[in-house]
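Working notes for the structure below.
The values are calculated or read from the model by the stated rules, or taken from the named source; none is laboratory data. Predicted model only: the values in this text are computed from it and were never measured. Reconstructed Cβ throughout: ideal geometry from the backbone, glycine too, with neighbour counts over all protein chains shown.
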Amino acid sequence: MRTEKELWELVLSRQDLFWSGLCGWVIHIKGESLINENEYLLLNNVLLNDLPKRKNPYHAYCWEICKIQPRIDWINERIKQLEEQWK
């Protein structure tokens, strides 16, 4: 299984699969068979536990729908954190 960092780098490399949100983006990556079930579960667990939350429970995350740049920024920050852990 690939590392979380490698998986986020893969997600970033397939911006053509982004439609409306980060969770959906990861689902589309899986749907294209670019990641396996275990890799999907790893990323999904990160999304469920580490994304910034909104106060409104009906809108789980803090970014506007269909805006890719905040998600790219978050992924890049996540990669940076992962790199720092291994220094």
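On the stretch given as the stretch 7-16, residues that are more than 20 Å from Leu48 (Cβ to Cβ), in a helix (DSSP H, G or I) and without any contact (Cβ under 8 Å) to a residue 40 or more places away in the chain total 2.
Looking across the stretch 62-87, the residues that are under 19 Å from Gln15 (Cβ atoms) and surrounded by fewer than 15 Cβ atoms within 10 Å (Cβ to Cβ) come down to Glu64, Ile65, Cys66, Lys67, Gln69, Pro70, Asp73, Asn76, Glu77, Lys80.
When Asn49, Asn56 are checked against the criterion of being in a loop (DSSP other than H, G, I, E, B), polar (S, T, N, Q), modelled with pLDDT under 95 and loosely packed, with under 11 Cβ neighbours inside 10 Å, a single residue qualifies: Asn56. Restricting to the stretch 8-38, what's the tally of residues that are in contact with a Lys or Arg (Cβ under 8 Å, 6 or more places away or on another chain), under 20 Å from Glu77 (Cβ atoms) and either of a type in the set (Phe, Trp, Tyr) or at pLDDT 95 or above (or both)? Total satisfying the criteria: 5.
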